[in-house]
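Trainee: Submitted below is the structure of interest, expressed as structure tokens.
Read-outs throughout are calculated quantities, based only on the coordinates presented, and are distinct from any laboratory measurement. This one's a predicted model, so the numbers in the text were calculated from it and none came from an experiment. With ideal geometry, Cβ positions are generated from the backbone for all residues, glycine too; neighbour counts draw on all protein chains shown.
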Amino acid sequence: MDADETLLADWRDRALAVEAEVARAVVGQAGVLRLVTTAVFARGHVLLQGDVGVGKTTLLRAFARVLGGAFERTEGTIDLMPNDLIYYTYIGADGRPAVDPGPLVRHGEDLAIFFFNEINRARPQVHALLLRVMAERSVAAFNREVRFPHLLVFADRNRLEREETFEISTAARDRFMMEISVEPPAGEAERASLVFDPRFHDTDRLVGALRAGVVDHRALEEVGAAVQRHVQASDALRRYALDLWRATAAPSAFGVRLGDLDDAQLLLAGASPRGMSMLLRAARVTAWLAGRSYLVPEDVRAVFAPVIAHRLALQPVHELRRPELVPALVDGILAQVAAP
């Protein structure tokens, strides 16, 4: 057994332990937990999709506690400016102006999860700063460069209200590895627990009861890289992934059609090379969590929608129908592209 195999055999159990521990606080969301766990070990940023009050913040606070790193959250507002993430000013007890670090830099290198709530309420200037942090994991603050070697960014969008919002661009969405939908649990038992069990009414106590530091978040970069080296793809699987990529730009070539719309009428662009790279990164983690050192088509299919759907650029005239058109397109691609 080589060094990677030894490392990953132990860490797979730890990854599943992280997921199980978070599940104590987040009920009825097994699929969401698996996708977030996959993103954590694939080291990819995540967009969360969901209505108000479905537990997105609780989910991320729970992951931050179990991973052992610092968690910060900021709220998108119309007047938020980039510097508000880096520092804030106030009048001290002595009556003199004072400056303290903002939420992005307060914890320095220990920051593990940064949650930007309602990102589309913030201006494009703020989006630009966040994208730089996501890409470079660093920011200039207080005359020095602050680095975030262990940081993952999560963001969600207000999808109920459109006034005073600035939708993030397709290019910006492409920086996020996944877009994960968080919906209320479907099971009656889980719904009853959330409503009637007092344990779920105090989020601080609920998250605080979880076991802290199940893993060392500072080791996740090394583990993630080892997963990518260890899990292999056959020639047939590579051809399948490339066919899926071609189908995102020219679905009709694979027999996928949505009504009477042709590809030019429907799509501006398919998935990017970065998107396909992230698809394979996520698929390798999926295979590893399943106990395999090789990819099968089911690994790719399991993460295809959350990794690729938000990257498909529709013609502007169809953008308002995205919630209807894109899932149908993704399902058609998975149904029509032949798997090995």
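Trainee: Explain nothing, just the number: dipole magnitude of the range 53-175 about its Cα centre with +1 on each Lys and Arg Cβ and -1 on each Asp and Glu Cβ, in debye rounded to the nearest 20.
Mentor: The dipole magnitude comes to about 340 debye.
Trainee: Taking 8 Å as the Cα distance limit and 6 or more residues as the minimum spacing, I'd like the relative contact order of the range 171-325 as a percentage.
Mentor: After rounding, I find 31 percent.
Trainee: Could you pull out every residue, at least 5 positions away or on a different chain, whose amide H is within less than 5 Å of the one on Ile180? Hs are placed 1.01 Å off N in the peptide plane, and Pro or chain starts have none.
Mentor: Leu47, Leu48, Gln49
Trainee: When DSSP assigns beta bridges and you keep just the ones with both residues in the chain, what percent turn out antiparallel, to the nearest 5?
Mentor: That works out to approximately 40 percent antiparallel.
Trainee: While we're on this one: Per residue of the chain, what 222 nm ellipticity follows from adding -39500 (n - 2.57) for every DSSP H run with n ≥ 4, rounded to the nearest 500?
Mentor: The helix-only estimate for the chain comes to -14000 deg cm²/dmol at 222 nm.
Trainee: State to the nearest 20 debye the size of the charge dipole of the chain about its Cα centre, where the only charges are +1 on K and R beta carbons and -1 on D and E beta carbons.
Mentor: In debye, rounded to 20, the chain gives about 440.
Trainee: In whole percent, what relative contact order does the range 269-326 give with Cα contacts below 8 Å and a gap of six or more residues?
Mentor: Across the range 269-326, relative contact order equals 42 percent.
Trainee: Which residues in the range 315-340 have a backbone N closer than 11 Å to a point placed 7 Å from the Cα of Leu268 along the Cα-to-Cβ line?
Mentor: 315-319
Trainee: Could you tell me which of rounded, prolate or oblate describes the range 1-44, using a ≥ b ≥ c as the square roots of the eigenvalues of the alpha-carbon gyration tensor, with rounded for a/c under 1.5 and, failing that, prolate when a/b is larger than b/c and oblate otherwise?
Mentor: Note, shape of the range 1-44 comes out prolate.
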